[in-house]
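Working notes, structure below.
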Amino acid sequence: MKYGLSHLPVTDCHVHMRGTVDSMVNCAAIMEANKLRGMNIVCVPQLTNEQLTLNPVAMLFKLMHPDQAYVFGGLRYPVDGLRAAKKNDFVDQVKAMMRMGMDGVKMIEGKPTVRKRIGVPLNDPAYHDYYAYLEAEGIPVLLHVGDPWIFWHEATIPQYAREREWMYTDGSFPDNESLYRESEAVLEEFPGLKVIFAHFYFLNSDRERADAFLNRWPNVSFDLTPGIEMFPDFSQDYDAWRELFVKHQDQIILGTDNSGEPRAPNPANVARGLYRLYQVRNFLECDHEFQCWESTARGFALEEPVLEKIYAGNFARYAGESPKKPDAGLILQDCEKAISLATGCSAETLSELHRIRSHVKTFCD
């Protein structure tokens, strides 16, 4: 049996922050504890003014860790919603993101709860110019589409999903099939889009479909950000799934869904961050069965050249061998804009925006 992990460089393509300076501190601790070569902070779309801290705090993190921190920014949506707005400024937002030093865009617009709230399909004309710009400029997007199938069935919804209200049994949420149709319509219109689909596109129980999808779309990759069911599912048809990983080694990217908790210091948060990355790497490297959250999985024991691609090389093809350099002056301007937009938000959120701005200003002196 093979025990212990390799010393290969690792970039985690899928890490969240909670919009506070303390969350940034916790993410830095996770990055250091895991000895990561790179960490990609992904910012969810800002649908309310309470979320306006997300992009600024991620860019502050990049200022503090310019050699390791990538940032995929989230879109700021019109206060009255996308349907009510006559037009949107998404292209201008992306241009501003890139100028200040972001490395890509994060979309969770395909998650059933968010998709329901926005009320607009992923292939709606409202996104047309935005996708066209991403495609033309080669800007990568990390896109969450769907959720585990068990969230649509009362008997199989796990407790953690119930606590987060990820329950889709009342008929008001789009199902995975409709979301897949939307996302694939986007790819058909914009086949050059550089898309990383989060959570293996939730196809961890449908190997043939995953294989066909990756064959059809060479610009597309899946990240390995795990739900607790993912690695046990891969272990069910072990040889065939392992063969798929080897075959599509250029289209699979390591991610964890680690998240910096909003209050620091938080040793338990760091411990969870260590454990989560260990589970992903153990699955890819070990050659035996192991306890994987509430079930068991069998490691794929992939060869080192394959691991090098999944751990860092494939993400580098999307976002660069090293992160883009941040522009402190433009980040400060974005902080000012976020503050100007923060009407009606809580005093805590406004205070955090001012706190972030104060830290960013120290990089402008």
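Please go through the range 159-178 and pick out each residue that is touching a helix residue (DSSP H, G or I) at 6+ places or on another chain (Cβ under 7 Å) and surrounded by 13 or more Cβ atoms within 10 Å (Cβ to Cβ).
If the condition is that a residue be touching a helix residue (DSSP H, G or I) at 6+ places or on another chain (Cβ under 7 Å) and surrounded by 13 or more Cβ atoms within 10 Å (Cβ to Cβ), then ALA161, TRP166, MET167, TYR168, PHE173, PRO174, ASP175, ASN176 are the ones that fit.
How do the pairs read when you match residues in the range 52-73 that are closer than 11 Å to ASP334 by Cα and touching a residue at least 40 places away in the same chain (Cβ under 8 Å) with residues anywhere that are outside any helix (DSSP H, G or I) and of a type in the set (D, E, K, R), using Cβ under 8 Å and keeping only pairs 6 or more apart or on different chains?
Close Cβ pairs satisfying both conditions: LEU52/ARG76; ASN55/ARG76.
Any idea which residue in the range 144-170 is farthest from the chain's Cα centre (by Cα), counting only those that are outside any helix (DSSP H, G or I) and in contact (Cβ under 8 Å) with a residue 60 or more places away in the chain?
Going through the qualifying residues, I end up with PRO158.
Quick test of your reading of the structure: PHE173 fulfils all but one of (1) more than 17 Å from the chain's Cα centre (by Cα); (2) under 20 Å from LEU82 (Cβ atoms); (3) part of a helix (DSSP H, G or I). Name the failing condition by number.
In the conditions (1) more than 17 Å from the chain's Cα centre (by Cα); (2) under 20 Å from LEU82 (Cβ atoms); (3) part of a helix (DSSP H, G or I), PHE173 misses (3) alone.
Give just the number: which of (1) modelled with pLDDT of 95 or more; (2) surrounded by 15 or more Cβ atoms within 10 Å (Cβ to Cβ); (3) part of a loop (DSSP other than H, G, I, E, B) does LEU277 not satisfy?
Only one criterion is unmet by LEU277, namely (3).
PHE290 fails exactly one of the following numbered conditions: (1) assigned to a strand (DSSP E or B); (2) more than 30 Å from PHE222 (Cβ to Cβ). What is the number of that condition?
For PHE290, the failing item is (2).
What residue, among those in the range 79-110 that are basic (Lys, Arg) and surrounded by fewer than 22 Cβ atoms within 10 Å (Cβ to Cβ), is farthest from PHE197 (Cα to Cα)?
Looking at the filtered set, the residue picked out is LYS86.
Mind checking which residues of the range 51-73 are within 21 Å of SER351 (Cα to Cα), touching a Gly at 6+ places or on another chain (Cβ under 6 Å) and in a loop (DSSP other than H, G, I, E, B)?
THR53
Examine the range 252-269 for a residue that is at positive phi and in contact (Cβ under 8 Å) with a residue 12 or more places away in the chain, and state whether such a residue exists.
yes
If PHE245 satisfies all but one of (1) without any contact (Cβ under 8 Å) to a residue 40 or more places away in the chain; (2) assigned to a helix (DSSP H, G or I), what's the number of the condition it fails?
Of (1) without any contact (Cβ under 8 Å) to a residue 40 or more places away in the chain; (2) assigned to a helix (DSSP H, G or I), only one is false for PHE245: (1).
Quick check, is ARG76 under 30 Å from SER351 (Cβ atoms), surrounded by fewer than 17 Cβ atoms within 10 Å (Cβ to Cβ), in contact with a Leu (Cβ under 8 Å, 6 or more places away or on another chain) and charged (D, E, K, R)?
No.
The values are calculated or read from the model by the stated rules, or taken from the named source; none is laboratory data. Everything numeric here is computed off the predicted structure, so don't read it as measured data. All Cβ positions, glycine included, derive from the backbone under ideal geometry; neighbour counts span all protein chains shown.
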